[in-house]
Amino acid sequence: MNILQARMMIHKYISMVRWKASLNKIVQMSPEDAFLKLSKFYFKERPRFSYNNIVQPTVDLQIIVPVYNVESYLEDCIQSILSQQTSFSYKVIFINDGSTDTSNVILDKYKRNLNVEIIHTENGGVAKARNIALQSMIGKYVMFVDSDDIIAPNSIQTLMETAILYNAEIVEGSYQDFDSNGIKNTYCHVEKTCIYNSFNYFGFPWGKIIRSDCLKDFCFPEEFLFEDTVMSTLLYPECHNTYAIPDVVYYYRDNSAGITNTCITSLKCIDTFWIMKYCLEERVRRGQSLQERDLERYLFAIYRNWGRTRGMPYDIQESIFLLTCELIETAFGAIFREYSGKYMKIFRTVKFRSFDAFLTLASNGYIE
């Protein structure tokens, strides 16, 4: 053991001692007071979670690309799609979400392309842009692409071949993230194509194709950050014939100036709590089954949400923590009471309603 490892062990030991000592420091406010405090500070109304979308397939794949002020990257995105060599028919729907740069000019260069449809609309956010395209689905399958990203060569062919072969509801591939210096990381689920448990899918809409009938009553929650939360909480649980493939199908641009990376000091960061709350309540309302692995997702979400909101005042962070504890325990009932999984440390802070104990864990990254 070297000196650095020894220091890390000592630090962890001291943190665990502090964590155990602070478990009895419970949050003093009531859930009602916490809700009132948070609502006065920043409140969001419950969004819509479903539309009566029309499904009338005329092509094999519909690719939905919301566009907003991405003039520096848009051409690369478009070319990565239109240069695909595939035996499957496809149509790309670009939704220009009120761009104020030259994105609309770039798009209009492709308006005569038979594989392209361009919709210009007032700025309403990425969720609304995706929903506009979903309202009239013309593909047997749907793919979402962010306009600053790139899809890999042959991604359409590879994903669609798997989907048709197994009549899959979802097929998800691997992806790589990149920046101006090149590829950074590769995220791969499996070593070979296989039927896959939806618990393990990535939580974003891109990097996969989805059978359009699965999206008939689906929509993204509008005017929220972290709108992708609906994928893992509401869409995936309703899909059962799903597959993963090892092929890299998507390149995600790591944008440090993106909204989700820069919103920590904005009130909008609290969207992470409201969308989690409304999605879980909607899932319970729909009667979808909840399992221990769902509980672990929400236990981890407490840590993730704190990371997103840690720039807010202490009492607001504390209110979010308490309300999340109440929400999780109420929704999971017996599953919560009998839990003994890998997130036991976070679980105990939830059970005892100790925000100070949680902060000791979260600030040091000791969540398992």
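Data table
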quantity: Dimensionless Rg over Rh [the range 227-368; C-alpha; Kirkwood]; calculated: 0.98
quantity: Calculated FRET value between GLU223 and ARG286, using beta carbons and R₀ = 25 Å, to 0.05; calculated: 0.70
quantity: Calculated P(r) tail over 18 Å for the range 314-368, as whole % of Cα pairs; calculated: 30 percent
quantity: Percent RCO, i.e. relative contact order, over the chain, from Cα pairs under 8 Å lying at least 6 residues apart; calculated: 22 percent
quantity: All-pairs alpha carbon distance profile, the range 79-170, 5 Å steps from 0, percent; calculated: 3, 11, 22, 24, 21, 11, 6, 2, 0
quantity: HIS240-ARG293 FRET efficiency (beta carbon distance; Förster radius 22 Å; 0.05 resolution); calculated: 0.90
quantity: Accessible surface of ARG18 - all protein chains present, 1.4 Å probe, nearest 10 Å²; calculated: 150 Å²
quantity: Geometric extent, Cα atoms of the range 273-328 - Rg, Dmax (angstrom); calculated: 11.9, 36
quantity: Inter-probe distance in nm under a simple model that places probes 7 Å from Cα toward Cβ, at SER180 and THR121; calculated: 3.3 nm
quantity: Two-decimal Rg/Rh across the range 152-246, once Rg and the Kirkwood Rh are taken from alpha-carbon atoms; calculated: 0.98
quantity: Cα-based shape type of the range 1-144, given that a ≥ b ≥ c are square roots of the gyration tensor eigenvalues and the cut on a/c is 1.5; calculated: prolate
quantity: Loop sites in the range 311-345: GluC sites (Glu not before Pro), DSSP, at most 14 other Cβ within 10 Å; calculated: GLU338
quantity: Three-way shape call for the range 179-303 based on the alpha-carbon gyration tensor, with the a/c threshold at 1.5; calculated: oblate
quantity: Rounded to the nearest 10 Å², the accessible area of HIS120 at probe 1.4 Å; calculated: 100 Å²
quantity: Additional length obtainable on full extension of the chain from ALA334 to ASN52, 0.36 nm per residue less Cα span; calculated: 98.0 nm
quantity: Heavy-atom surface of the range 167-217, accessible at 1.4 Å and reported per residue (Å²); calculated: 47 Å²
quantity: Rounded FRET efficiency, nearest 0.05, which uses the C-beta distance separating CYS188 from ASP108 and R0 of 45 Å; calculated: 0.75
quantity: By accessible area with a 1.4 Å probe, ligands and nucleic acids excluded, highest first: order of ASP76, ASP254, ASP149; calculated: ASP76, ASP254, ASP149
quantity: Estimated 222 nm signal from helices in the chain, with DSSP H stretches of n ≥ 4 weighted -39500 (n - 2.57), rounded to 500; calculated: -12500 deg cm²/dmol
quantity: Rel. contact order, % - alpha carbon contacts under 8 angstrom, at least six apart, the range 169-296; calculated: 36 percent
quantity: Flagged links, alpha-carbon separation over 29 Å, of LYS111/LYS192; LYS128/LYS351; LYS12/LYS351; LYS20/LYS44; LYS111/LYS268; calculated: LYS111/LYS192; LYS128/LYS351; LYS20/LYS44; LYS111/LYS268
quantity: Solvent-accessible area, 1.4 Å probe, carbon plus sulfur percent, for the chain; calculated: 50 percent
quantity: Only Lys, Arg (+1) and Asp, Glu (-1) charged, at Cβ; the range 1-131 dipole about Cα centre in debye; calculated: 940 debye
quantity: Label point 7 Å beyond Cα of GLN28 along Cβ direction - residues of the range 326-368 with amide nitrogen under 16 Å; calculated: 354-357
quantity: Quarter of Cα convex hull surface for the chain, i.e. mean projection, nm²; calculated: 20.3 nm²
quantity: Residue-wise HN-Hα coupling along the range 132-146, computed from phi with Karplus coefficients 6.51, -1.76, 1.60 (Hz; x: Gly, Pro); calculated: 4, 6, 6, 5, 9, 7, 10, x, 5, 10, 10, 10, 9, 10, 7
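The values are calculated or read from the model by the stated rules, or taken from the named source; none is laboratory data. Keep in mind that this is a model prediction, so the values were computed, not measured. Heads up, the Cβs are rebuilt from the backbone with ideal geometry, glycines too, and the neighbour counts pull from every protein chain shown. Areas reflect the complete protein model, heavy atoms only, side chains present, ligands, DNA and RNA absent. Shrake-Rupley method; radii C 1.70, N 1.55, O 1.52, S 1.80 Å.
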